[in-house]
Every structure is written in C-alpha cells, then in structure tokens.
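K.L.:
For reference, the structure I am asking about is given below.
The values are calculated or read from the model by the stated rules, or taken from the named source; none is laboratory data. Computed from a prediction, not measured in an experiment: that's the story for all the values here. Please note: Cβ atoms are built from the backbone with ideal geometry, for glycine as well, and neighbour counts cover all protein chains shown.
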Amino acid sequence: MQEIVNFLNGIIWSPALIYGCLAAGLFFSIKTRFVQIRFFREMYQLLLSGKSSEKGISSFQALAVSLSGRVGTGNIAGVAAAIGFGGPGAVFWMWVVAFLGASTAYVESTLAQIYKEDDDGQYRGGPAYYIEKAMGQKWYAWIFAIATILACGLLLPMVQSNGIGEAIETAFGSGGTMDTALGVISYAKIYTATGIVLLLGFIIFGGVKRIANFTQVVVPFMALAYILISLVIIGLHIDQLPGVFMLIVGDAFTPMAGVGAAIGWGVKRGVYSNEAGQGTGPHAAAAAEVDHPAQQGLVQAFSVYIDTLFVCSATAFMILITGAYNVHPEGQVFLVQNLSADVVINGPAFTQMAVDSVFTGVGKPFIALALFFFAFTTILAYYFIAENNVAYIKRTIKVPGLIFALKVMIMSATFYGTVKAADIAWGMGDIGVGLMAWLNIVGILIIYFMAKPAMKALKDYEQQRKAGVEKYSFDPEKLGIKNADFWKK
C-alpha cells in the first residue's frame, strides 16, 4: 500500500504541479496588479464588517470556516516535515507560495461568490459550481466534485486525525497496546480516536451553522495562543533570530538537500497548509453573505497570510531557533541531526520538542492540545467541503442518504487515521491535495482566458470604491458575466 501511495504521489506531485502552483500565483498576482498588497487594509476592514443572514454566514464566519481548513496539521506537523525533508530553505518557499497564492485565493473565492446558488435556504458553491457555469463543462465539474468528496471525505481527514493521535501519544504515552484487526494499536490512540469521532458526529449532524459557530470561537483563540507561545520562545532567543532568518533565506537557494527538495517540499507543504489554488477555500467563501463577490475574495486572500505568514512561520522559527530538528532527505543520509534518529519527521515531534525545550513538561501537552483543536476544526471544514460537492451531485442524481453516507465515511476515516502510521496517512492526504489542485488550477486558468469574471468583479469593486458608494452592488449582466443566476435575482 505504501509503495502504491508513493508511486501515485510521484506522478501527481511532479515538478509540473509544483511549478504550476507558483506560476499560477505569479500570473494572477500580475493580472490583479498584486491585489494582495494593494488591498491589504481593505481585507482587514471587510473581515470585521460583514453580517450573517438566515441563508448565509458572515465574512468572519466564512473566514473562520476556511481558516479551520487551512490552519491544521500542516501548520505544526507539515512545517516540521518540510524542514526535515527539504531543509530550512523549504520555509522560504512556503512564504513564496503564500504570497503568490493569496492572489489565486482571491480569484477562486470570488468565482465561488459569483456563481453560488441558494440551495433550499443555504448558500452553496465552489469549483464544481463555477466550472460548470463559467466553463460550461459539466463533466469536468463532476470529476472535481468526485475527487473532492474522496479527498475531503476520506483521504485528508486521516492526516489531521493522525496528527492528533501522534501528538497525544507523544505527550502522554501509549498506555499499553491492543491487538486489533487494524494491527497493534496503543490505548491512547484508541481512546483519542473514539473521543474525536463522537465529538465530530455531534457537530456535523448539526449543520453548517453549528460548524461556523464552533470554528469562529475555537480557531482565533487557539491561533492566538499558539502565536503568543511562539513569540515568547522567539523572544527568549532573540539574539539568534537574524541567524535563523539568514539560514532560511540562504538555504532556499543553496540548500543542504538541493534546490529541488527545498522548493518541492516548501511548495507541497505550503499548498497543503494555506490551500491557495487547491479549491477548498471557495466552498466557505460561497457561503458568506456579502454585497459584492470581490469582498469575500479579498477576505479569503487575507486568510492565506494568517495561515502561512503567521502560524506556519511561528512553527518554523520555534523549531529552527531551538535547533529541534533533523534534516533527512528521502533516500539520503542525515544532513543535520540534532535529535535522535528515531524521531518521526512526518509528525508534530519537532514542534513539541521545540516548545518543551523552553516550557519543560508543558510543551508536549500544549502542542497536543493545539494540534487537537487545529486538526479537529480542519476535519469539520473538510466535511463542509465534501457536503457541498455531494449537494452538487444531488442536483442531478436524486439518491437518498448520500449526506448520511458521507458523515459515516468521514467519521470512519477519522478513526482509521488516528490509529494508523503517519507516512501512509500523509501520503494519501498528498494524493487528495494534488488531485484537487490540478483540477482547480487548470479550471480557473481556463475560466480566466474564456471570460475573466473575477477580474471584471475586481474592476467593478474598485470603481465603486473610488466613487465612495455607501452600499456596494453587483450586476453580472452589466459586466457581461453569464450564468451568475443568484446575483441576477
């Protein structure tokens, strides 16, 4: 199974996708005249000004739902893996993909708003919807929907729950083991898996509003606590900060593991973490109640900054400044070995050891708690995304029980991921991320060359902003945007 997963990842995560993610971000940055810089202040203001409705959630709630998808295991265990396999220079490429990816996030989330639908009193949208309406290719939309259901309903939850299981076991011990049909499993992981699944079931059976209400409280609180802890650790080693920064930048171009490894792991884990271009963020963006599609596009662009430039950077600086890392490129010998050779790279161990080196006895439990909330809210976001795509398929095929089957599937995948080995869980997660990224990036580029709807929306928003309007409006027919039926009404 591991060999099959590695083979598929070698095809999906070829240099074409890695450089394609960077190229798409650069292309949309140029075409939007670097909207991620020009509208930085506007992003922050929009984040706090939106309101919810009976059918839609507020801009802040949509940001919290999408951030709950972005801020997860990738920010703690993913950053550790990028450093462990690609060297400190991989962090630089995570920054690059975040900066360029913010423009991609604007485009895909604005498209989601333009082509969203009112589905029985609830806003729904995402790549499947805008691929069908803007490209006119229903077959391609179906491929994306099916790939997303498999990725978010089955493959990606395994990675998140696996990070929780590994962190709990590292922090509190195994508590003994049990022989099961899934192999030898520690009691700590069995108890953790059971608790996660019960809580997950309670929330996802309550609908999108319950998910939004839970994430808007938990995500900001845990992200703030995590960043505060990192600032304390960095502050205690402030004299080493310039050297660490130079290590990241210098290693990005002459890295220990070769430029290819640093770029590859930086982009792979960057896309995994901030999800720009992957096609997950647009689902939450479509659910928001806004006056103009460009507004939610800007809010979602800001979420990429929060994820990578704040949370991922906090992890990277903690690991590097305390020296709590090894560099062991795949198929090569250790290039840097500060820790024991048996420390798992594809997990949260580096981060736990970094915090524990300053807060002795507290670091491992704190990271386990942070990882639980980050990863758990990410699983909730995955369910929300998968449900949107099941709803898309149900527009054509009226099969009863599809949503219920999805809930059972994601709960089973979450349990399985918690108790299984990290390498296979991350490998399967990478397959899911890669498939969605390929399909979505190709889709939004084709839509750009066909009609440029996201660009037209940005230009219209800028004109209204310059005119100083009190309330923004959006008229797709006036802008020559077809099939935006929601906004016509």
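K.L.:
Could we say that F449 is at pLDDT 90 or above, out of contact with any Lys or Arg (no Cβ under 7 Å at 6 or more places or on another chain), outside any helix (DSSP H, G or I) and hydrophobic (A, V, I, L, M, F, W, C) here?
P.N.:
No; evaluated as a whole, the condition is false for this residue.
K.L.:
Checking the structure you have, find out if any residue of region 61-79 is modelled with pLDDT of 85 or more and part of a helix (DSSP H, G or I).
P.N.:
At the first step, the residues of region 61-79 found to be modelled with pLDDT of 85 or more are 79.
Cutting the leftovers down to part of a helix (DSSP H, G or I) gives us 79.
Yes: region 61-79 contains one or more residues that are modelled with pLDDT of 85 or more and part of a helix (DSSP H, G or I).
K.L.:
Being touching a helix residue (DSSP H, G or I) at 6+ places or on another chain (Cβ under 9 Å) and part of a helix (DSSP H, G or I) is the filter here, so list the residues in region 171-187 that pass it.
P.N.:
Start the filter on region 171-187 by keeping residues that are touching a helix residue (DSSP H, G or I) at 6+ places or on another chain (Cβ under 9 Å), which leaves 171-178, 180, 182-183, 185-186.
Of everything in region 171-187, those that are touching a helix residue (DSSP H, G or I) at 6+ places or on another chain (Cβ under 9 Å) and part of a helix (DSSP H, G or I) turn out to be A171, F172.
K.L.:
Looking at region 317-346, I want the residues that are in a strand (DSSP E or B) and have a partner that is among the hydroxyl-bearing types (S, T, Y) with Cβ atoms under 9 Å, at least 6 apart or on another chain. Which pairs are those?
P.N.:
Sorted first by the residue in region 317-346, then by its partner, the pairs are N326/S340; V336/Y325.
K.L.:
Sticking with this structure for a sec: Could you please tell me which pairs satisfy a Cβ distance under 8 Å, a separation of 6+ or placement on different chains, a first residue in region 174-201 that is on the phi < 0 side of the Ramachandran plot and loosely packed, with under 15 Cβ neighbours inside 10 Å, and a second residue that is of a type in the set (S, T, N, Q) and not in a loop (DSSP other than H, G, I, E, B)?
P.N.:
These pairs meet every condition: S174/S186; T177/S186; M178/S186; V184/T177; Y187/T177.
K.L.:
Shifting gears a bit: Could you count how many residues in region 411-458 are charged (D, E, K, R), buried (at least 20 other Cβ atoms within 10 Å of the Cβ) and more than 17 Å from V5 (Cα to Cα)?
P.N.:
Result for region 411-458: 0.
K.L.:
Can you tell me which of (1) within 16 Å of the chain's Cα centre (by Cα); (2) at pLDDT below 65 is the one K55 doesn't meet?
P.N.:
For K55, the failing item is (1).
K.L.:
Separate question: Quick one: how many residues across region 86-109 are in contact with a Leu (Cβ under 7 Å, 6 or more places away or on another chain), farther than 17 Å from N346 by Cα and not hydrophobic (A, V, I, L, M, F, W, C)?
P.N.:
1
K.L.:
Then there is this: What residue, among those in region 465-480 that are without any contact (Cβ under 8 Å) to a residue 12 or more places away in the chain and either surrounded by fewer than 10 Cβ atoms within 10 Å (Cβ to Cβ) or among the acidic types (D, E) (or both), is nearest to A454 (Cα to Cα)?
P.N.:
Top of the filtered list is E477.
K.L.:
Go through the residues of region 295-305 one by one and say whether even a single one is part of a helix (DSSP H, G or I), at pLDDT 90 or above and over 25 Å from Y44 (Cα atoms).
P.N.:
No, region 295-305 has no match at all.
K.L.:
Is it the case that region 456-472 has a residue that's closer than 28 Å to G20 by Cβ and in contact with a Leu (Cβ under 6 Å, 6 or more places away or on another chain)?
P.N.:
Yes - at least one qualifying residue is present in region 456-472.
K.L.:
Restricting attention to region 138-159, does a residue exist that is of a type outside the set (A, V, I, L, M) and at positive phi? Full working, then the answer.
P.N.:
To start, the set of residues in region 138-159 that are of a type outside the set (A, V, I, L, M) comprises 138-140, 142, 144, 148, 152-153, 157.
Filter once more, so that each one left must be at positive phi: none.
No: zero hits.
K.L.:
Which members of region 277-299 meet the condition of being within 16 Å of F34 (Cα to Cα) and over 18 Å from the mean Cα position of the chain (by Cα)?
P.N.:
A294, Q295
K.L.:
Considering region 391-410 alone, what residues qualify as being surrounded by fewer than 20 Cβ atoms within 10 Å (Cβ to Cβ) and either part of a helix (DSSP H, G or I) or β-branched (V, I, T) (or both)?
P.N.:
I393, K394, T396, I397, V399, L402, I403, F404, A405, K407, V408, M409 - these are the residues of region 391-410 that are surrounded by fewer than 20 Cβ atoms within 10 Å (Cβ to Cβ) and either part of a helix (DSSP H, G or I) or β-branched (V, I, T) (or both).
K.L.:
Let me ask something else about it. Give the number of residues within region 22-45 that are surrounded by fewer than 22 Cβ atoms within 10 Å (Cβ to Cβ), touching a residue at least 60 places away in the same chain (Cβ under 8 Å) and not in a helix (DSSP H, G or I).
P.N.:
Number of matching residues: 1.
K.L.:
Sticking with this structure for a sec: Kindly indicate whether any position in region 296-312 is touching a residue at least 60 places away in the same chain (Cβ under 8 Å) and in contact with a strand residue (DSSP E or B) (Cβ under 7 Å, 6 or more places away or on another chain).
P.N.:
There is at least one residue in region 296-312 that is touching a residue at least 60 places away in the same chain (Cβ under 8 Å) and in contact with a strand residue (DSSP E or B) (Cβ under 7 Å, 6 or more places away or on another chain).
K.L.:
For the subset of region 361-375 comprising residues that are more than 19 Å from V159 (Cβ to Cβ) and part of a helix (DSSP H, G or I), which member is nearest to the chain's Cα centre (by Cα)? Lay out the reasoning, then the answer.
P.N.:
Taking region 361-375 first, the residues more than 19 Å from V159 (Cβ to Cβ) are 361-366.
Subsequent filtering for residues that are part of a helix (DSSP H, G or I) retains 363-366.
On the way: G363: 24, K364: 24, P365: 24, F366: 22 Å.
Looking at the filtered set, the residue picked out is F366.
K.L.:
Every residue in region 202-224 that is hydrophobic (A, V, I, L, M, F, W, C), surrounded by 14 or more Cβ atoms within 10 Å (Cβ to Cβ) and over 19 Å from E387 (Cα atoms), please. Please lay out each step first, then the result.
P.N.:
Going through region 202-224, the residues hydrophobic (A, V, I, L, M, F, W, C) turn out to be 202-205, 208, 211-212, 214, 217-219, 221-224.
Adding the requirement that they be surrounded by 14 or more Cβ atoms within 10 Å (Cβ to Cβ) leaves 203-204, 208, 211-212, 214, 218-219, 222-223.
Residues satisfying the conditions are V218, V219, M222, A223.
K.L.:
For the subset of region 331-352 comprising residues that are buried (at least 17 other Cβ atoms within 10 Å of the Cβ) and of a type in the set (S, T, N, Q), which member is nearest to the chain's Cα centre (by Cα)?
P.N.:
So, considering only residues that are buried (at least 17 other Cβ atoms within 10 Å of the Cβ) and of a type in the set (S, T, N, Q), the one nearest to the chain's Cα centre (by Cα) is N346.
K.L.:
Here's another thing I want to ask about it. Condition test on A425, is it under 27 Å from V311 (Cβ atoms), in contact with a Gly (Cβ under 8 Å, 6 or more places away or on another chain) and either without any contact (Cβ under 8 Å) to a residue 12 or more places away in the chain or not polar (S, T, N, Q) (or both)?
P.N.:
yes
K.L.:
Criterion first (assigned to a helix (DSSP H, G or I) and not hydroxyl-bearing (S, T, Y)) does I190 satisfy it?
P.N.:
Numbers: assigned to a helix (DSSP H, G or I): yes; not hydroxyl-bearing (S, T, Y): yes.
Spelling it out, I190 is indeed assigned to a helix (DSSP H, G or I) and not hydroxyl-bearing (S, T, Y).
K.L.:
Let me ask you something else. What is the residue count in region 118-137 for residues that are acidic (D, E) and either part of a helix (DSSP H, G or I) or surrounded by 17 or more Cβ atoms within 10 Å (Cβ to Cβ) (or both)? If you could, list the steps in order and put the result at the bottom.
P.N.:
The first filter runs over region 118-137 and keeps only residues acidic (D, E), leaving 118-120, 132.
Then keep just the ones that are either part of a helix (DSSP H, G or I) or surrounded by 17 or more Cβ atoms within 10 Å (Cβ to Cβ) (or both); that gives 132.
Counting residues in region 118-137 that are acidic (D, E) and either part of a helix (DSSP H, G or I) or surrounded by 17 or more Cβ atoms within 10 Å (Cβ to Cβ) (or both) gives 1.
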